[in-house]
1. Looking at the stretch 149-213 from every direction and averaging, what is the projected area of its Cα convex hull in nm²?
2. For residue 185, what accessible area in Å² do you get when you roll a 1.4 Å probe over the heavy atoms of the protein chains, rounding to the nearest 10?
3. Whole percent per 10 Å bin, from 0 to the bin with the longest distance: what is P(r) over all C-alpha pairs of the stretch 103-226?
4. Could you give each residue of the stretch 222-238 its phi-based ³J(HN,Hα) in whole Hz, using Karplus coefficients 6.51, -1.76, 1.60 with θ = phi - 60°, and x for Gly or Pro?
5. Could you check the spin-label model distance between residue 236 and residue 173? Points 7 Å from the Cα along Cα→Cβ, value in nm.
6. Need one value: the accessible area of residue 200 in square angstrom, 1.4 angstrom probe, rounded to the nearest 10.
7. Pairwise over distinct Cα atoms, reciprocal of the mean inverse distance: report the Kirkwood radius of the stretch 53-125 in Å, one decimal place.
Amino acid sequence: MPSTPGFQPAAPAASTQASPGRTGTAAQRRVVDAPTRMFHWLFALSFLGAYLTADGEHWRALHVTLGYTMVGLLAFRVLYGWFGPRHAGLGLLLRKLGGAPAWLRLAAQAFRQRSAQGIHWRQGQNLLMALAVLLLLVLVVPLTLSGHGTYNDWGNFLGGDWLEEVHEFFGNAFLVVVLVHIALIAGLSLLRRRNQALPMVTGRVDGAGPDLVKHNHNWLAALLLAAVVAFIGWEWQQSPQGLIPGPWSGQSASDRQRDDD
């Protein structure tokens, strides 16, 4: 049944309440704070850089530095989830996944009855997203631990390159989960006709209502970024030939070719 265009008395009031001071724009509310968004993008860029620099000995210093950066970012996320605001708590993620068994039972029952009406598809989509995020956080531990062991030759006492193969396995597993995560975001964006990645950029979603995140904590996001930049800069100073091979690294092309061989 088509709605009457002129009879919408509640919409302007809701928009004004949700976005005071944002006259003339659609109502929006904040759902992700700045430290969480900063962590997300630094974490993603660190893994991307580490994966791209995994091959080639002359990229090793940068690869290791980005791996340690991921460890530091994970430590920040755990501490922020533990001591930070309620919305950043990792317990919310676990509680969301706690609904998986009940959802699976209802889905199985609906499939047995050959009816999709009893399946809460939106909850299933959210469960998949939560599972992907949890896997990314968990996989960092064996990924970076095996990388640290490979860098320090922990696997020599058993012989062979088994630890390096373990590190490569977890690196590829991490990449698979990342690609699944991106595919889920793209698929949900098409299904819901809304860019699901945008809140991790702006921190806001369209819609009337109060902000789910009251304080943005910009200062903490800036501090996290400064800490990562400072760590990478310190590692650059400690590396005899820098982190990025090139004319400024003090290493000749023949030396770099010899390293790769």
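The values are calculated or read from the model by the stated rules, or taken from the named source; none is laboratory data. Just so we're clear, the structure is a prediction, and the values are computed from it rather than from any experiment. In this analysis, Cβ positions are derived from the backbone assuming ideal geometry, glycine residues included, and neighbour counts consider all displayed protein chains. Keep in mind that these areas ignore ligands, DNA and RNA; they rest on the heavy atoms of the full protein, side chains included. Shrake-Rupley method; radii C 1.70, N 1.55, O 1.52, S 1.80 Å.
1. Projected over every direction and averaged, the Cα hull of the stretch 149-213 covers 7.0 nm².
2. Rounded to the nearest 10, the figure is 40 Å².
3. With 10 Å bins starting at 0, P(r) equals 10, 23, 29, 22, 13, 3, 0.
4. Taking θ as phi minus 60°, the curve returns 5, 5, 5, 4, 4, 5, 5, 4, 5, 5, 5, x, 5, 5, 4, 5, 6 Hz for the stretch 222-238.
5. 3.4
6. We get 50 Å² for residue 200.
7. Values: mean 1/r = 0.0626 Å⁻¹.
Averaging 1/r across every pair of different Cα atoms and inverting gives 16.0 Å.
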